[in-house]
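Each remark here refers to the structure printed beneath this line.
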Amino acid sequence: MTVVNILFDQSQIFWQKQKMAKTIQKRTLKTRARLIAAAKEIISQNGFEAMRVEEVVLRAGTAKGTFFAHFKDKDALMDLIIGEKINEYLDQMEIQTSPKTSSQMVKTLMPLCEFMTCERYVFDIILRYSGATRIEEIGIIATTFGRQIEIFKIWLESVEFRKDIEADIVAEGIHAFMIQTMALKFCALHNSKSINDRLGPYLKAWLSPEC
């Protein structure tokens, strides 16, 4: 066998392996997409917490082991699905006119707040995957927290809110009060007020402090 023939054979083997790898990758992506789609269908019917891995694999037509080849557990899948949904709300917030007052800001934030607190389970997942307690696993939810603060900073550029501290700190304060009011919704001792009624005074005091 000549050197040319050997090189030709090696080239053929290489391209066959490449083709096989691409086929496997496509099949893997399709399986992952089926699992996600099945989970979303179940969530739309029964809610987030009620979703079970067994139901997902049954609806997706895959084995349970296949699910865990794609996701560490149910919560990891929720990080993806909930994070995507948060990003949809942030997309809408980005194209809206920047709020000019604290009350307008609350109104703009309410759809996102309502989703993030639609279930206690959802809010718990958001907190656990926000990055504060899971630095080693930065997922979609964690990135949405940073994106929220960046949107707040853009809002602050076009309005006359407080200027005595840096915009980064003001934006982080808005986010902190937002998380605080959502957490109080699930507190038995402090849930008498709605998120809207509680967040309004917080942001008014934070954004326009009396000297």
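The values are calculated or read from the model by the stated rules, or taken from the named source; none is laboratory data. Since this is a predicted model, take the numbers as computed values, not measurements. Cβ coordinates were reconstructed from backbone atoms using ideal geometry, including for glycine residues, and neighbour counts include every protein chain displayed.
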- [ ] Look through segment 53-67, keep the residues that are of a type outside the set (A, V, I, L, M) and in a helix (DSSP H, G or I), and return whichever of them is surrounded by the most Cβ atoms within 10 Å (Cβ to Cβ).
- [x] PHE67
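Identify, please: which residue in segment 179-202 is among the hydroxyl-bearing types (Ser, Thr, Tyr) and under 14 Å from GLU114 (Cα atoms) and is, among those, surrounded by the most Cβ atoms within 10 Å (Cβ to Cβ)? So that I can check it myself, show each step before the final result.
First, pick out the residues of segment 179-202 that are among the hydroxyl-bearing types (Ser, Thr, Tyr): 181, 192, 194, 202.
Going one step further and asking which of them are under 14 Å from GLU114 (Cα atoms), we end up with 181, 194.
Working: THR181: 25, SER194: 13.
Checked segment 179-202; the qualifying residue surrounded by the most Cβ atoms within 10 Å (Cβ to Cβ) is THR181.
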Open item on the list: Being farther than 19 Å from ILE141 by Cβ and not basic (Lys, Arg) is the requirement here; does THR117 meet it?
Closed with: no
Task: Residue among ALA39, ALA50 that is modelled with pLDDT of 90 or more, hydrophobic (A, V, I, L, M, F, W, C), in contact with a helix residue (DSSP H, G or I) (Cβ under 9 Å, 6 or more places away or on another chain) and not in a helix (DSSP H, G or I) - done: ALA50
- [ ] Can you tell me which residue within segment 185-211, out of those that are of a type in the set (Lys, Arg) and touching a residue at least 40 places away in the same chain (Cβ under 8 Å), is farthest from LEU156 (Cα to Cα)?
- [x] LYS185
Task: Hey, ARG128 among the charged types (D, E, K, R), surrounded by 15 or more Cβ atoms within 10 Å (Cβ to Cβ) and either over 22 Å from ASP79 (Cβ atoms) or in the same structural domain as SER98 (by TED's automatic domain parsing) (or both) or not - done: yes
Open item on the list: For PHE123, only one of the following conditions fails: (1) at pLDDT 95 or above; (2) more than 19 Å from LEU184 (Cβ to Cβ); (3) surrounded by 18 or more Cβ atoms within 10 Å (Cβ to Cβ). What is its number?
Closed with: (2)
